[in-house]
Amino acid sequence: MDLALLRTFVTVHRAGSFTRAAALLGLSQPAVTSQIRTLERQLGRPLFLRQARGVTPTTIGDELAHKAAPHLDALVEIAETGLDEESSMRTLHLAGPPEFTAERALPALTSLAGQDGHSYALRASFGTADEVLEGLASGHHDLAIATARPRGALLTATPLCDEEHVLIAGERWAARLGADGPAGGGLGPGGLGRGGLDPGGLGRGEALPLENLPVVEVHETLPFVSRYWAAVFDACPAASGAVIVPDLRAVLACTASGAGLAVLPRYLCADALKRGDVVALLEPPVPPLRTYFLVVRTGTLAMPHIARAHDWLLRAAVEWS
């Protein structure tokens, strides 16, 4: 079987379309189509189902990709680095969510460089879970950090760590809610007051209804606030976003300046909580958690530079949860 045909097949499988695969391979779309047809004739079985937008692998196609992709990746690694381990610096391509990657993963990986006598270059990119997993499957990244476990056998995921989410507000809003510090259980979707839970939203005593507070979030759909409300209050938030900014670090800065309430990972706001820049409005017995996964293309942990980074992040993550 022609290795060039297999390489084209694996690229199409990862890209999900002949057009995207052609761009990745530097070939024309008709050339890619011709190579896939040739491989299908050799195997006597269809490898893809052609659809209006892209292609979907058949069962045989998925099986072939699962078997061939790791070996092709290893051959590409040998071709790029040469037989001499010292002939070139290996580059690790990492992708993940911007805040977690910047605050935790990158410091951990850069501290690894040179410690075990191996040098490598590091290239990082940021994106959503869907974006980084698609890029990993397409061969753009070696290692991805995602908040969703990928499906299928092409990618292999290992739980990395859990992050706890905290409901916070600036000192001014916390005072109006009647919260001088972490609340032990008097907060409901209606309000937090010295009189306790008020799910009807009227508040008691000096309480300000919680739903009246402006919300700071990363997206109009309020993903962090909605997840927190569902887990803690078994309800949906009624408020809409007052400030929408696509970076959790900016959410923290806006919340500390008095823009409203927010839900953030504890690791990201721990220092601000200690300084009193923001106040935790509630400490539920079981706080909402989100799991991060460390993801590679199946079989690529045979590559030493990917395996070292993978292992180092798992060891570092022991201190993160």
Calculated FRET efficiency for the pair THR19/PHE126, C-beta based, R₀ 41 Å, to 0.05: 0.95
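Between beta-carbons, use under 11 Å as the cut-off and find the net charge around LEU122, counting Lys and Arg +1, Asp and Glu -1.
Details: positive: ARG90, ARG123; negative: ASP142.
Every neighbour counted, the sum reads +1.
Going highest first, how would you order 230-236, 7-13 by mean Cβ packing within 10 Å?
Details: 230-236: 13.9, 7-13: 24.0.
Put in order of decreasing packing, that is 7-13, 230-236.
Give, in nm to one decimal, the length gained when the segment between ARG290 and ASP271 is fully stretched (0.36 nm per residue of separation minus the Cα-Cα distance).
On the way: separation 19, 0.36 × 19 = 6.84 nm, distance 2.00 nm.
This chain segment gains 4.8 nm when fully extended.
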Sorted by Cβ neighbour density within 10 Å, fewest at the top, the residues TYR267, TYR292, TYR228: TYR267, TYR228, TYR292
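Divide, for region 3-81, the radius of gyration over alpha carbons by 2.2 N^0.38 Å, where N is the residue count.
Numbers: Rg = 12.0 Å, N = 79, 2.2 N^0.38 = 11.6 Å.
Region 3-81 yields a ratio of 1.04.
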Calculated over region 210-321: convex hull of Cα atoms, volume per residue (Å³): 144 Å³
At R0 = 41 Å, FRET efficiency that the Cβ-Cβ distance of ARG149 and ARG172 yields, to 0.05: 0.55
Potential lengthening between VAL243 and GLU211 on full extension [0.36 nm per residue; Cα-Cα distance subtracted]: 10.0 nm
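Computed from the coordinates by the stated procedures, all read-outs in this text should not be read as laboratory data. Since we're looking at a predicted model, the values are computed, not measured. Note that we place each Cβ from the backbone using ideal geometry, even for glycine, and neighbour counts take in every protein chain shown.
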